[in-house]
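Down below is the structure, laid out as structure tokens.
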Amino acid sequence: MNDSDNKIDILISRHLGKQLDRHVGRAQRAFLAEVSQRRRWYIPRYWAVAAVLLIAATLAGVFALKNLFTATQRDQTQIIPTNSEPQPLMLIAQTVAWQTTDDGTVMMNGDVPIHQLRRRVVEKIKWYDAERNTTIELHRPQEQVMLIGYW
């Protein structure tokens, strides 16, 4: 290396030193500032959110208990009739629907031929309950199998 190369190296290193030395440690300082700022601001935010949730839960519990006690007090003050016999249900409608299918000849015990008919029956009954002002509907399905023997 010659003397001019050394001068250029010195000039470049001085120039780069002036330009870059001011940035040394800058990232570390910025990171520490951010972390310290988060600690200051986020911890109270968490406590504030926790306090708001606690207050909301307390208010919900108070209103629930209030409604529970007022409902039980209302139930206790109702007048119970002395004649507590249930009223009979009024029959509104009763329908029976059926469908018969022929299953053909089947073998019973492996060697006795018999004719098999299958009947599906659905009985629907509808009542009116005047005490509750509602209707009650009952569906009762049945399946009947008829075996007809050949003599």
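The values are calculated or read from the model by the stated rules, or taken from the named source; none is laboratory data. These numbers come from a predicted model, not from an experiment. SASA here: full protein model, heavy atoms, side chains in, ligands and nucleic acids out. Shrake-Rupley method; radii C 1.70, N 1.55, O 1.52, S 1.80 Å.
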Item to complete: Could you tell me what percent of the accessible area of the chain is made up of carbon and sulfur, with a 1.4 Å probe and every protein chain present?
Response: 61 percent
Worksheet, complete the sentence: the chain accessible area per residue, 1.4 Å probe, protein heavy atoms, integer Å², reads 91 Å²
Discussion item. At a threshold of 8 angstrom on Cα-Cα distance, excluding pairs fewer than six apart, so keeping six or more, what relative contact order does the chain reach in percent?
Written reply: 15 percent
Discussion item. Below 17 Å, Cα to Cα, which aspartates and glutamates can K18 reach? Residues fewer than 8 away in the same chain don't count.
Written reply: D9
Worksheet entry | Max mean-square fluctuation residue, GNM over the chain, Cα-Cα springs under 10 Å, options Q28, Q116, Q19 | Q19
